[in-house]
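The values are calculated or read from the model by the stated rules, or taken from the named source; none is laboratory data. If you're wondering where the values come from, they're calculated on a predicted model, not measured in any experiment. Virtual Cβ from ideal backbone geometry, glycine too; neighbours counted across all protein chains shown.
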Amino acid sequence: MDSTGITVQESIRKPLKFLDRLNGFSSADPAVFSDRKKYLRLQRNITLLMFCSAMIPLLFVELLFYFQYESPVRHSEHSGIGVEAERIRQDYELFLQERLSGLRSLAAFYGFEQLSDSGFLAERLQILKEEFKGFEDLGVLDHRGLMRGYAGPYSLEDRDFSNSKWFQKISREQTCCVRASHAAQPLFILSVRTISAKGQPWFVRAAILPEVMATLASPPGLDTGMEVLLTNRSGILQTPSIRFGPILNKLPFHFENKSEKPGPIETVDIHGEKVQIGYSRFREFDYVLLTVRSPLEEKTAWSLFSKELLLILLVSGGLIYFLSNRLAGAMIQRIQHADEKKDLAFRELEHSHKLSSIGRLAAGVAHEINNPLAIINQKVGLIRDLIECSSDGTELKGISESITDITRSPDCKIYRLTDEIVNAVVRCRSITHRLLYFSSRMEPSKEAMDLNELIREVLRVLNHAFLERQAKVDFDLADDLPLLHADRGLLQQALFNIFNNAVEAIPVKGKILVSTRLEAVRTGELKQPEAGAGVFVVNIEDNGEGISKENLEQIFEPFFTTRMGYGTGLGLSITYGIIQKQGGWIQVESELRKGTRFSIFLPLQTVSSKTLP
Amino acid sequence: MKGLKVLLVDDEIEFITTLSERLVLRGIHAAMATDGESALRRIEKDPPNVVIMDLLMPGINGLELLKQIGARNSDVSVILLSGRGTEEDCQEGKLLGAVDFLIKPVDINDLLNILKKNHES
């Protein structure tokens with residue numbers, strides 16, 4: 001019989017594992033402990049818990065970082081253009097101050113009369129040009145706006161500028177940028193107002209070349225993509241701009257006047273593109289310096305920062321999840337293992353409790369039956385004694401002659417009847433003795449024996465049963481088996497029970513295969529593993545009716561029997577106990593209508609001198 | 001074996017009367033006692049060669065009786081013959097000096113063999 005089909009394997013798996021557990025050889029297969037889902041759920045929960053407990057603080061830290069650094073990072077970005085504006089504004093301011101102080105010293109040193117001389121003025125212009133870059137021309141105006149002296153490319157001498165816009169401007173301000181009628185391009189004009197000895201104001205004015213002003217707008221080290229603009233406070237461009245149009249164009253937005261801490265402005269340029277503008281007001285002049293940048297570039301630092309935060313969150317999240325899962329997995333495995341052990345211990349305890357209470361009951365029953373059985377036995381024995389005495393011709397007291405006559409015949413009926421009673425008593429005795437054995441807890445004795453010989457001995461005892469069934473017994477016994485050290489009587493009984501079951505299970509002309517071999521032991525199989533330990537394996541296969549899946553789970557339970565009426569249900573239970581006492585275990589595989597295989601495993605034990613025969 | 005004196009101690013009167021009758025048929029002197037006290041008195045009066053006794057009896061139980069016999073008459077052999085007989089009882093009995101331990105029902109021939117062996121030794 002070979003149960004090879006998948007269905008067979010599945011059908012026998014549970015009882016096998018059950019037995020494994022009973023034997024103390026826990027199976028690592030979690031399916032046996034049905035609640036695989038429970039453990040998965042537990043693992044998931046623990047993973048989630050650990051993940052959350054690590055992630056929540058991390059999330060807090062990240063959020064803290066996010067909000068803590070959002071405004072500084074953004075501010076530093078914006079203030080970046082503000083700082084730039086501040087720096088360039090200082091350059092401009094210095095540039096204008098230098099030139100103004102040049103004009104001031106000119107006015108202070110030479111006076112109105114001397115400077116009204118155009119020739120002298122031309123000399124001064126030459127010196128100024130050498131000293132300071134950017135001077136286009138030089139002129140002196142009296143309080144009415146008449147150009148009293150002029151040196152430069154235009155012929156402005158003696159012209160009246162009293163009505164011109166720029167004169168009105170310079171009479172109030174030190175600088176201005178104007179589109180003068182005499183010049184092809186707008187000029188940047190500086191002027192110094194001085195009071196003459198007569199108490200009348202006069203002006204020294206100079207025009208600055210727009211190109212020179214423009215060079216200041218692109219100092220070295222300026223960000224590419226950043227544009228520097230100069231406007232007056234009304235938002236009129238004083239330098240040309242790519243984004244906001246030509247010089248003197250009006251800016252499309254307003255500055256908040258006198259704002260202490262000017263923040264960046266976000267607006268749209270004339271091309272419709274979004275821009276960010278940082279600005280800085282001049283201290284001495286009515287100008288504002290603007291730095292213009294497109295917002296895309298500005299946001300990089302912050303978006304980089306947030307991306308980094310997100311990356312850290314994701315990477316650590318992944319790592320934490322992985323570790324939590326692994327840790328929870330390991331933990332669950334341990335818990336599961338412990339549960340399995342507990343389950344096993346509990347079942348073993350339950351089993352042994354069951355056995356011991358049944359054992360006590362059995363011993364009581366056996367005792368109660370043995371006494372009357374002993375009386376019957378003796379009574380029948382006495383009857384036989386009397387018959388035998390009478391047939392010997394011995395004088396029998398109290399027995400009538402007629403009976404004596406009947407019993408003299410060797411095949412007399414009474415003699416046969418007593419024989420049958422004795423047989424019945426012997427049968428009863430075998431049952432009560434088995435019950436008594438079942439209840440006994442003696443430690444098995446040990447002797448060395450040949451396992452194959454032991455099997456043959458047991459089979460000889462059962463010979464008549466094999467003959468009756470015309471059964472064929474095949475042997476596949478290993479020749480080189482070492483001696484087995486065990487209790488001979490107990491092992492005989494164990495083997496007898498299994499063979500007896502096999503004989504009763506097989507049909508007429510059925511087959512039984514007995515095989516023995518020595519196997520290397522797997523770790524954890526023996527309760528007390530010894531160095532170089534091996535295990536004897538006895539396989540007893542029959543091609544009988546097989547055992548159903550439900551019954552397979554119970555066959556080792558005491559009093560479980562399928563042979564209603566004539567089985568005690570103790571045979572396999574006793575066998576199981578015997579094999580366990582010898583430190584071994586039993587496995588059973590069965591398939592209905594195909595047959596059953598019992599495998600007995602017995603540990604190979606080292607021989608101590610005491611147990612040697 | 002003939003002339004061997006055996007004392008049967010058991011509270012099952014039916015059992016000991018039948019057994020004694022069978023022993024007598026085989027030429028063995030068999031006396032009877034149904035409890036420990038009367039057994040001790042009988043042993044005192046007429047010491048047998050062998051005492052065959054049960055373990056569970058009213059009054060003094062088998063093992064106690066065995067102890068007392070061992071203390072008083074060391075030359076009396078005791079065979080335990082019980083309906084229960086756990087291995088613990090068996091071992092304790094043998095420890096207290098019982099020559100054998102049998103479980104009921106027992107074949108008369110087995111009993112005779114033991115008696116014979118004991119008698120010869």
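Descriptive notes on the structure:
- Flag for B:ILE60 being out of contact with any Gly (no Cβ under 8 Å at 6 or more places or on another chain) and either of a type in the set (Phe, Trp, Tyr) or not in a helix (DSSP H, G or I) (or both): no
- Selection status of B:ILE114, assigned to a strand (DSSP E or B) and in contact with a strand residue (DSSP E or B) (Cβ under 6 Å, 6 or more places away or on another chain): no
- Qualifying position, being farther than 30 Å from A:VAL365 by Cβ and either of a type in the set (Val, Ile, Thr) or within 14 Å of chain A (Cβ to nearest Cβ) (or both), among B:ILE28, B:ILE114: B:ILE28
- Output for the stretch B:68-85, where each listed residue is part of a helix (DSSP H, G or I), under 13 Å from the mean Cα position of the chain (by Cα) and either of a type in the set (Lys, Arg) or within 13 Å of B:LEU7 (Cβ to Cβ) (or both): B:ILE69
- When the residues of the stretch A:451-483 are filtered to those that are more than 58 Å from the chain's Cα centre (by Cα) and among the polar types (S, T, N, Q), the one that is farthest from A:LYS509 (Cα to Cα) is A:ASN463.
- Condition met for A:LEU304 (among the hydrophobic types (A, V, I, L, M, F, W, C), assigned to a helix (DSSP H, G or I), modelled with pLDDT under 85 and outside the structural domain of A:MET50 (by TED's automatic domain parsing)): yes
- Filtered by the rule that a residue be touching a helix residue (DSSP H, G or I) at 6+ places or on another chain (Cβ under 6 Å) and crowded, with 21+ Cβ neighbours inside 10 Å, the stretch B:59-76 gives a lone residue, B:LEU65.
- Against the conditions (1) within 13 Å of chain A (Cβ to nearest Cβ); (2) under 13 Å from the mean Cα position of the chain (by Cα), B:GLU88 satisfies every one except (2).
- Scanning the stretch A:116-140 for residues that are within 23 Å of A:PHE95 (Cβ to Cβ), of a type outside the set (D, E, K, R) and in contact with a strand residue (DSSP E or B) (Cβ under 7 Å, 6 or more places away or on another chain) yields A:LEU121, A:LEU125, A:LEU128, A:GLY134, A:PHE135, A:LEU138, A:GLY139, A:VAL140.
- Near pairs, Cβ below 8 angstrom, 6+ apart or cross-chain, from the stretch A:367-378 (more than 7 Å from every other protein chain (Cβ to nearest Cβ)) to any residue that is part of a helix (DSSP H, G or I): A:ILE369/A:CYS428; A:ILE369/A:THR432; A:ILE376/A:ILE421; A:ILE376/A:VAL425
- Residues located in the stretch A:240-288, provided they are modelled with pLDDT under 75 and not in a strand (DSSP E or B): A:HIS254, A:PHE255, A:GLU256, A:ASN257, A:LYS258, A:SER259, A:GLU260, A:LYS261, A:PRO262, A:GLY263, A:PRO264
For every residue, the table says whether it meets (1) touching a Phe, Trp or Tyr at 6+ places or on another chain (Cβ under 8 Å); (2) away from chain B (no Cβ under 14 Å); (3) among the charged types (D, E, K, R); (4) in a helix (DSSP H, G or I).
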{"site": "A:ILE335", "(1), (2), (3), (4)": "yes, yes, no, yes"}
{"site": "A:ASP343", "(1), (2), (3), (4)": "yes, yes, yes, yes"}
{"site": "A:HIS353", "(1), (2), (3), (4)": "no, yes, no, yes"}
{"site": "A:LEU361", "(1), (2), (3), (4)": "no, no, no, yes"}
